[in-house]
Amino acid sequence: MNSMKNKLYILIIILLPLLSFGQSSYQKGVEYYKKADYKNAQIAFDSALDEDIEPAYNTLTYRGLCKYYQKQYNEAYEDYNLAVKDLNKLGYTKIGEMPANILKAYGLTLYDRALAQHKRGQYNEAIKDFNFALMYKYSPGDCYYQIANAYYALSDFGKAAENYTLSMPYKPTDYSLYYWRGNAYLSNGKWKQSIADFDFYIKQKPNDPYGYHYRGFSKIMLDNIDEAIEDTQKSIDLNMKDIYLAFRNLGMIYIKLEDCEKAKENFEYAIKLNSNDNFSKNKLETLSVDCGETEEEEVVVKNTPKYSKPTISWVYPAQETIETSENVVTIKACVNSSEKPTMSLYADGVELTSRDFVIVPSKQPDCPYRFEKQVTIPPNANLTNLRFVAKNSGGSVESSRKIYKIKSQNPEAEERRIALLIGNAAYKHKPLNNTLNDVDDMAKKLEGLGFKVIKHKNLKAEEMSMAFIKFGRELASYDVGMFFYAGHGLQNGSGTNFLVPIDAEAIKTDQDFNKYCVEVDELFGQMKKANSKVNIIILDACRDNPLDARNATRGSGSRGLSAPTQNPQGSFIFYAASANQTALEGEGSRNGIFTGELLKFIDKPNLKLEEVVKETSKAVKLKTNDQQKPAWYSEFDGDFYFRH
């Protein structure tokens, strides 16, 4: 029996090297990866690629993960790009046609690439890839969570909170979601919501000092001083690693208690613990103002320099050099300054100023002043040099960033487009003749221009509101959103614009507008949430109360739709007619006059959006002998082509 066992052991010893020899480089790499031996795993995957072991996208994704865990984020990103390219070679153009394994491979690779983008400070690109991963059915809980983290890194705390909320049903036991949403609410100045989240988090994690610290800060802001002291002391008792934050809180507490000496002591101690605590430095500089010094003391202060130079912290781009496939990027920076600074942004030496230029005091503790500016990256420019300058009475500082334009490696079209079309005709009062044809013909044109088209006809009020909500959810995964409406539209006495569903009753009072119609701002709100780069809104609607049954135009036209005031980011709004004019139906023709002319120009190659609008307007004015003059309103600084 023992002799038999010995022979068996000898046989195993002989066969083991042979079994190992028979194992492919890819399989060796997987085994190393499972053991977290990423260096040897990477070497094995290198060999697998040299040996052309198929499918290459699996090997590339694994090698990317090995590099990611070794903190080689740029190299990992390149491998994920190669994996996507290899998947694209399979030729699938629609998600619904993909086999389960291919769908899974796309989702995983795009999710991993998004993680690498986040680590590289490419937060907008990360959000885009996480949204693509969602489309490919990758774990929604993880995708929403990571999207929230990217928005948080961009200091867009409203969107961060929204996405943490979306993640919660998928990750019910991940209590860190409440911690991060609580911080997002805190940074957005929503102190009560922040406290509610930290209350829940602390019940689950009673020994985390940071939960107490941030809850304490929110309580300070609500003047709940006794509980704020209790939370701050608890964070100290639990040995919070960043203990300077606790003394910062104490400084804020003593300011509220008007004890300047103790406030000063605590801010000074916070700075001693962390020399980069600009928040405490700023508070020290303005302490006399916050605590209400006497006039005699203020005279002394006036004789000494009050402010130091500002400091700049880039939010996006976070790194000195980034790559992007976006045509428009939003530049964000925080400026620490004890007085409101002046700020300027230069692109290739030219100062940028426009309506989307934002300098505001921030509610975020470490970002007293926040700067935002949308920058259009020229399509033929390989490199854009940015220079940001901040000044106050203490001096001037500047900082630079470089943006390289690259071609998108996303598996879908480089610019993803979606359109919502609604045509209403079957009204109880004053039905319309051409609107359904307008929607059908516009849908056909847009599909040929690469838009995913969602088309509705003859909607009631509730159906229109639901269509807006669903469109907003889908739009979050697209670059370009378009809304086209053909039907009755009007404004009330206060200038609010409404679209008229087919079940609307006669409008007799201002209350009837909200009762029977749908606000255009409902759509704008959904588009704002989606944060798409380009939003095109085209309203071939009437200009006044269409429910008085006085004529057969799309409006009787004494007031006109009012100019929009709350526009989505990157929006271009095109009305069929100006104020005091009617949008004519076009009797005897298939389309309304405005839509009929627009259809002639919308798919002409190499016309910018503004050129399509101008050509359409000229044609409409010519055809109506200047009776109808279209109007447009733009918050879009870039260039958009329906067809190149």
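The values are calculated or read from the model by the stated rules, or taken from the named source; none is laboratory data. Remember, it's a predicted structure, so these values are computed and weren't measured experimentally. Don't worry about glycine lacking a Cβ; one is built from the backbone with ideal geometry, like all the others, and counts go over all protein chains shown.
Quick notes on this one:
- Restricting the stretch 247-269 to residues that are basic (Lys, Arg) and under 20 Å from LYS234 (Cα atoms), the residue that is farthest from the chain's Cα centre (by Cα): LYS262
- In the stretch 596-616, the residues that are closer than 19 Å to GLY638 by Cα and surrounded by fewer than 18 Cβ atoms within 10 Å (Cβ to Cβ) reach residues that are among the hydroxyl-bearing types (Ser, Thr, Tyr) and modelled with pLDDT under 95 with C-beta atoms within less than 9 angstrom, at least six apart or across chains, in these pairs: PRO605/TYR641; ASN606/TYR641; LYS608/TYR641; GLU610/SER634.
- Yes/no for ILE359 being at pLDDT 75 or above, surrounded by 15 or more Cβ atoms within 10 Å (Cβ to Cβ) and either among the small types (Gly, Ala, Ser) or not assigned by TED's automatic domain parsing to the domain that holds ASN276 (or both): no
- Of the candidates SER194, SER176, SER187, the single residue that is more than 22 Å from LYS128 (Cα to Cα) and either touching a His at 6+ places or on another chain (Cβ under 7 Å) or surrounded by 24 or more Cβ atoms within 10 Å (Cβ to Cβ) (or both) is SER194.
- Failed criterion for HIS488 (all others in (1) surrounded by fewer than 17 Cβ atoms within 10 Å (Cβ to Cβ); (2) at pLDDT below 90; (3) under 19 Å from ASP438 (Cα atoms) hold): (1)
- Of the criteria (1) without any contact (Cβ under 8 Å) to a residue 24 or more places away in the chain; (2) crowded, with 24+ Cβ neighbours inside 10 Å; (3) under 25 Å from the mean Cα position of the chain (by Cα), which one ASP231 fails: (3)
- Complete set of residues in the stretch 617-636 that are surrounded by fewer than 22 Cβ atoms within 10 Å (Cβ to Cβ), at negative phi and outside any helix (DSSP H, G or I): THR624, GLN627, LYS629, ALA631, TRP632, TYR633, SER634, GLU635
Yes or no, residue by residue, for (1) polar (S, T, N, Q); (2) at pLDDT below 85:
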| site | (1), (2) |
| --- | --- |
| GLY560 | no, yes |
| PRO564 | no, yes |
| ALA583 | no, yes |
| GLU610 | no, no |
| THR624 | yes, no |
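- Listed here are the helices (runs of 4 or more DSSP H) enclosed by the stretch 241-303 that have at least 3 residues being among the aromatic types (Phe, Trp, Tyr) and either at pLDDT below 90 or surrounded by 13 or more Cβ atoms within 10 Å (Cβ to Cβ) (or both): 244-256.
- Conditions (1) out of contact with any helix residue (DSSP H, G or I) (no Cβ under 8 Å at 6 or more places or on another chain); (2) closer than 30 Å to LYS94 by Cα; number of the one not met by ALA150: (1)
- Every condition in (1) closer than 26 Å to LEU110 by Cβ; (2) in contact with a strand residue (DSSP E or B) (Cβ under 9 Å, 6 or more places away or on another chain); (3) modelled with pLDDT under 75 holds for SER354 except the one numbered (1).
- Strands (runs of 3 or more DSSP E) lying entirely in the stretch 447-549 (those with 1 or more residues that are over 27 Å from ALA148 (Cβ atoms), touching a helix residue (DSSP H, G or I) at 6+ places or on another chain (Cβ under 8 Å) and among the charged types (D, E, K, R)): 451-457, 534-541
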